[in-house]
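Here the structure is laid out as structure tokens; the discussion comes afterwards.
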Amino acid sequence: MNHLDIYRGHLAVLTSQHEKQRLLAPSFREVLGVELIERALDTDKFGTFSGDIERSASPLDTALAKARLGMKVSGLPRGVASEGSIGPDLFIPFAISDIEHLVWVDAERDIVVSESYRSLDIRAASTRTFVGAELGGFLQRADFPRHRLIVKAENSSPLFCIKGIGSAQELEAAITECSRHSATGAVIVESDLRAHCSPSRQANIAAAARLLAVRISTHCPECRTPGWGKVGVERGLSCRACSSFVEQAVRGDLLGCVKCDYKKLELRVESRADPAICNWCNP
Ligand SMILES: [Zn+2]
Ligand SMILES: [Zn+2]
């Protein structure tokens with residue numbers, strides 16, 4: 001693979017309000033030689049995890065908007081930002097996954113490079129409780145206090161919540177306070193998924209940063225623009241057992257450029273379809 005060194009010694013702005021610099025900076029420094037300057041800007045207007053401000057755009061568009069905001073404020077032509085999306089996994093029933101989306105915007109080259117990283121390693125627990133109730137099992141599941149918590153008043157409008165709770169005393173006080181604002185007396189206690197409150201999420205953001213830095217360092221074999229990498233898959237293989245055509249079998253990864261139309265198919269090691277997904281062998 002061809003690697004680039006065009007960004008070495010350059011600065012880029014990281015828009016984040018939740019101390020993500022230490023998660024992203026090592027990969028950007030080691031792989032690209034880029035130093036990240038963190039700009040703590042109010043990005044809550046793009047939506048929050050606790051739901052007090054609804055997210056209207058896709059995670060990728062939100063990350064883009066954040067990066068551009070940081071570039072505008074700092075005057076730097078390059079920016080990076082991340083946005084997580086945590087919820088029921090698309091492929092595994094009952095599992096919760098964390099998908100971290102990261103974008104790199106280079107206004108000089110007029111390109112956007114993005115990567116995402118999906119992980120099932122995320123602490124995201126939630127429970128409904130009352131003042132004085134036992135929370136031992138939940139706190140263990142939530143990995144508290146290593147992972148911080150949010151307490152919300154049930155059915156409060158506007159939502160009344162206390163975030164970033166990191167000790168038993170804070171938790172007790174927050175439950176009492178939120179209970180007073182609750183229409184039912186009940187409160188919801190859940191994982192605070194903001195990056196600085198969630199070590200499991202931090203690990204996923206760092207992994208996504210590594211993927212993005214490597215992708216930025218890889219250039220298009222045709223036009224030499226940074227950001228060459230996987231853009232999709234190509235399907236269709238013949239069955240290993242009966243040789244009939246299996247439409248959904250992945251034949252290879254499609255690699256592409258963020259600037260030109262050049263594409264390249266990288267075939268997978270497996271050149272025939274698994275009979276388990278063949279309509280003839282396994283209808
Ligand atoms: Zn078959
Ligand atoms: Zn290209």
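Overview of values
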| item | result |
| --- | --- |
| All positions within the stretch 262-277 that are over 11 Å from residue 228 (Cα atoms) and of a type outside the set (S, T, N, Q) | 265, 266, 267, 268, 269, 270, 272, 273, 274, 275, 276, 277 |
| Some residue of the stretch 181-196 being more than 16 Å from ligand 2 (Cβ to nearest atom), in contact (Cβ under 8 Å) with a residue 60 or more places away in the chain, of a type outside the set (Asp, Glu) and assigned to a loop (DSSP other than H, G, I, E, B) | yes |
| Among residues of the stretch 55-84, those that are under 15 Å from residue 43 (Cα atoms), at pLDDT 90 or above and not in a helix (DSSP H, G or I), counted | 6 |
| Failed item in (1) modelled with pLDDT under 95; (2) within 15 Å of ligand 1 (Cβ to nearest atom); (3) in contact with a strand residue (DSSP E or B) (Cβ under 9 Å, 6 or more places away or on another chain), with residue 238 passing the rest | (1) |
| Residue in the stretch 109-132 that is nearest to residue 183 (Cα to Cα), counting only those that are among the basic types (Lys, Arg) and not in a loop (DSSP other than H, G, I, E, B) | 128 |
| Number of positions in the stretch 244-283 that are of a type in the set (A, V, I, L, M, F, W, C), surrounded by 14 or more Cβ atoms within 10 Å (Cβ to Cβ) and within 16 Å of ligand 2 (Cβ to nearest atom) | 4 |
| Residue list for the stretch 249-283, filter: part of a loop (DSSP other than H, G, I, E, B) and either in the same structural domain as residue 103 (by TED's automatic domain parsing) or within 16 Å of ligand 1 (Cβ to nearest atom) (or both) | 270, 271, 272, 274, 278, 279, 280, 281, 282, 283 |
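The values are calculated or read from the model by the stated rules, or taken from the named source; none is laboratory data. Small disclaimer: the values here were computed from a predicted structure and weren't measured. All Cβ positions, glycine included, derive from the backbone under ideal geometry; neighbour counts span all protein chains shown.
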